[in-house]
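Chemist: Following this message is one structure expressed as structure tokens.
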Amino acid sequence: MTFNKNKRTHLKPALIMIAALQLCLTACEKKERAEEDKYQPRPVSPSSSKFISKIYEYMPAPGQFINSGLGELKAAEALVGKAREGLVSLGGFGGYLIFGFDHSIANKEGADLGIYGNPLTGEGMEWSEPGVVMVMQDLNGNGLPDDGEWFELAGSEYNKTETIKNYTITYYNPKNKTDDIRWKDNQGKEGYVLRNAFHSNAYYPEWIKDQDQLSFSGTLLKNTLATGSIITNKPLEWGYTDNGSADYKGLMENTGAGYNSFDISWAVNAQGKTVQLTHIDFVKIYTGQNSNGNPFEPDRNNPRARFLGEVSTEVGGAVDISLHLKK
């Protein structure tokens, strides 16, 4: 048998590239381990609170509650130190809230973080507005969520074909209180956040610096709208907030105070790889669906098209579950 020297020559660059890639991956993993080794979690003390201690950023997408009531910074700040006493709306897809606690949340056995919302769970009248949850460690120890990558807590939809990763949407400010808010996304689609007769305020956040356009990126979840005598937005299985899932309903039935539960062990990086985190310091929640609450899309003239307004995650507080359940 004759050996082809040219084939051997062509293999060399490929082998070199593979070796270089392996070295790069090894170096990255070592860097991550080194940063983790230097990380000093903030311990729980006798005075530690189970509730949110600080709001770092509130950046809603356009929506019917924005600039009034549930859609103002003071509504977000009112979540500090308590839960189930108020709500803040995140607006349409991508609108977010970043908060933290007065200690690091430990990754223990089972659920670590509980987040309150206001989903409706009655049979035939379900209305969930699922929010994606992300976490970050304070690796540089400066008390700010500026340490690089946010890790998504991958819920039931993360690996499903309907889920779109790296989704980006841009909203355009109509600069009036009468027009719908136009958007475009990186999937080649465009549409509107529909105004309704119940909320006459400006839907685009008036306090932010850029009053022309606003962009958000993240994981886009499938829409779950269904029409009938009542329009519903069905819950997802698990792993999302403001979501009438089984864990939420179970807590409501047993305690009268439901929240959605999250395990830090669900954390994945931007490539979808599981990340081992012993503790986390910062939490980010953003609206995960891009939906007008209009099952007749793209028809905006149907008499019921504007009944409910956009799907917008609401947050009613959060707790460190280990402290919450402590007797």
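The values are calculated or read from the model by the stated rules, or taken from the named source; none is laboratory data. What you see is a predicted model, and the numbers here were worked out from it, not measured in a lab. Cβ atoms come from the backbone with ideal geometry, glycine included; neighbour counts cover every protein chain shown. Only protein heavy atoms, including side chains, enter the accessible area calculation; ligands, DNA and RNA are left aside. Shrake-Rupley method; radii C 1.70, N 1.55, O 1.52, S 1.80 Å.
Chemist: Excluding Val135 itself, calculate the net charge of residues whose Cβ lies under 9 Å from the Cβ of Val135, where each Lys or Arg counts +1 and each Asp or Glu counts -1.
Modeler: Net charge in that neighbourhood comes out at -1.
Chemist: Can you tell me the orientation of helix 5-38 relative to the chain, as the angle in degrees between its alpha-carbon axis and the longest Cα principal axis, to the nearest 10?
Modeler: Taking Cα atoms only, the helix is inclined about 60 degrees.
Chemist: Determine the order of Phe282, Phe51 by accessible area, beginning with the largest, at a probe radius of 1.4 Å.
Modeler: Phe51, Phe282
Chemist: With r as the distance between the Cβ atoms of Ser265 and Ser156 and R0 = 25 Å, compute the FRET efficiency 1/(1 + (r/R0)^6) and round to 0.05.
Modeler: Efficiency for this residue pair is about 0.95.
Chemist: Through the Karplus equation 6.51 cos²θ - 1.76 cosθ + 1.60, θ set to phi - 60°, convert the phi angles of the range 267-279 into ³J(HN,Hα) values in whole Hz; use x for Gly and Pro.
Modeler: The phi angles translate into 4, 10, 8, 5, 8, x, 8, 4, 10, 8, 10, 7, 8 Hz.
Chemist: While we're here: Got a sec to turn the phi values of the range 250-262 into Karplus ³J(HN,Hα) couplings, 6.51 cos²θ - 1.76 cosθ + 1.60 with θ = phi - 60°, whole Hz, x for Gly and Pro?
Modeler: Karplus values, whole Hz, x for Gly and Pro: x, 5, 4, 5, 8, 10, x, 9, x, 9, 8, 9, 9.
Chemist: Counting alpha carbon pairs within less than 8 Å and at least 6 residues apart, what relative contact order, in whole percent, applies to the chain?
Modeler: Normalised by residue count, the contact order of the chain is 28 percent.
Chemist: On the protein heavy atoms, probe 1.4 angstrom, tell me the percent of accessible surface of the chain carried by carbon and sulfur.
Modeler: Of all accessible area on the chain, carbon and sulfur atoms account for 54 percent.
Chemist: Whenever you get a sec, line up Thr232, Thr168 from highest to lowest accessible area (probe 1.4 Å, protein heavy atoms).
Modeler: Thr168, Thr232
Chemist: Name the long-range amide H neighbours of Tyr96: under 5 Å, sequence gap of 5 or more, or other chain; modelled H, no Pro or chain starts.
Modeler: Result for Tyr96 returns Met59, Ala61.
Chemist: Given the protein chains as shown and a 1.4 Å probe, how many square angstrom of Ile230 are accessible, to the nearest 10?
Modeler: Accessible area, nearest 10 Å²: 90 Å².
Chemist: Over the chain, with the other protein chains present, what is the accessible area per residue in square angstrom, probe 1.4 angstrom?
Modeler: 51
Chemist: Just to verify a number: what accessible area does Glu237 come out at with the full protein assembly present, 1.4 Å probe, Å² rounded to tens?
Modeler: 120
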